[in-house]
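K.L.:
So that we are looking at the same thing, I have put the structure below in C-alpha cells.
Just so it is clear, none of the values below were taken in a lab; they were calculated from the coordinates. Worth saying up front: this structure is predicted, and the values here are computed from it rather than measured. Backbone-built Cβ (ideal geometry, glycine too); neighbour counts: all protein chains shown.
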Amino acid sequence: MNAVVTGIGLAMPGALIPSDLTTGTAVGAAPVDPAARIGKKGLRHQDRATQLALCAARDALNSAGLMLGDARMSTQRGGAPVVDAELLVPAESVAVVVSSNFGNLDSVCEVVAAISADHGTRLISPVLAPRLSSNVTASELAIRFGLRGPNVMVCNGATSGLDAVHWATIWLSSGRARHVLVVGLEPANDVVRQLLGHDQPLDGAAALLLETTKAAAGRNAPALAGVDGYLRTGG
C-alpha cells in the first residue's frame, strides 16, 4: 500500500463530519455557510464552488495535522491580507488536485451573458476574470493555504473524483509530492439545475489528505484508510 488517507473534510448539507455521512441526510438540511465556517473575508469575489472547497480543504488539512489555524483571512495595517493558518510541513511538499464538472460554470455563463447583452466586455468586472479559468478552485486553495506543490483541476465526468485520487497516488509514488490535498465538489445553482434537470443537485464538497505511508509514519499520523489499486475501463 503506497498511499494512506490521514485527513478528511466535508462541506455538505447535513454532513459536517464523516460520521454524518451514515447518519445524516441532505434532504431539508440548511446549505453550507462558508462565511460561518472560514469567515467572510476573502470570499466576496469567490464563486460558490471555491467557497465550498475552501471549507472542506481547511478541515482536511487540520484533521491530518498538516496545518494549525482556522484559515480565516484578515487585513494587516497597510492592507496586506493575512491568513490565520500555519503549515507544519514544507509548502513544496503539498500538492492539490481538485475534481469538479460544473465548478465555475455559473461564472462563465454570467460573463457570456453580459458580453452578449452589451456586445462587448465593458460590463465585465476585472475581479471576475480569475473566476473564468477552469482551474480557479485549485489555484485558490494553493494561495489560501500556501501550498506550492503540483496543482491540477480534473473535469472528467462521472469518474472525476476517483481520477483525482489516482492523480494523487501518481504524484506520491513518483516523488512529486509527499502530501496531496484532493477535493471533489459540485455546486448547486441555476446553471447546474438547468443542465441536470434536477430540482436540487447536491451542493457540497469533500476533501481527503493523502500522503505516502512513509510521510505519515514520520509524522506519527494515523492512517484512516489505504489507497491501493485503480482500474479504468471503457465502454
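K.L.:
Go through 176-183, 149-156 and give me the packing order, highest mean Cβ count within 10 Å leading. Walk me through the numbers before you get to the answer.
P.N.:
On the way: 176-183: 25.1, 149-156: 18.5.
Order by mean packing, descending: 176-183, 149-156.
K.L.:
Based on DSSP H runs of at least 4 residues, each adding -39500 (n - 2.57), what is the mean residue ellipticity at 222 nm of the chain after dividing by all its residues, to the nearest 500 deg cm²/dmol? Walk me through the numbers before you get to the answer.
P.N.:
Values: 8 runs with 77 residues, N = 235.
Dividing the helical sum by the residues of the chain leaves -9500 deg cm²/dmol.
K.L.:
Taking the Cβ of residue 158 as the center, what net charge do the other residues with Cβ under 15 Å away carry, scoring Lys and Arg +1 and Asp and Glu -1?
P.N.:
Values: positive: 232; negative: 163, 186.
Counting the neighbours of residue 158, the net charge comes to -1.
K.L.:
Here's another thing I want to ask about it. How many angstrom separate the Cα center of region 81-130 from the Cα center of region 39-67?
P.N.:
14 Å
K.L.:
Going by average Cβ neighbours within 10 Å, how do the peptides 119-130, 86-97 rank, with the highest at the top?
P.N.:
Details: 119-130: 11.0, 86-97: 18.2.
Going by the mean number of other Cβ atoms within 10 Å, highest first, we get 86-97, 119-130.
K.L.:
So for the chain, taking the charge dipole from beta-carbon charges (+1 Lys/Arg, -1 Asp/Glu), which of 141, 170, 68 sits furthest toward the positive end?
P.N.:
Of the candidates, 68 comes out farthest on the positive side.
K.L.:
Right, here's the next one. Please label the shape of region 66-162 as rounded, prolate or oblate, based on the square roots a ≥ b ≥ c of the eigenvalues of the alpha-carbon gyration tensor (a/c under 1.5 means rounded; beyond that, a/b larger than b/c means prolate, else oblate). The partial results should precede the final answer.
P.N.:
Numbers: a/c = 3.19, a/b = 1.37, b/c = 2.32.
It comes out oblate by the Cα gyration axes.
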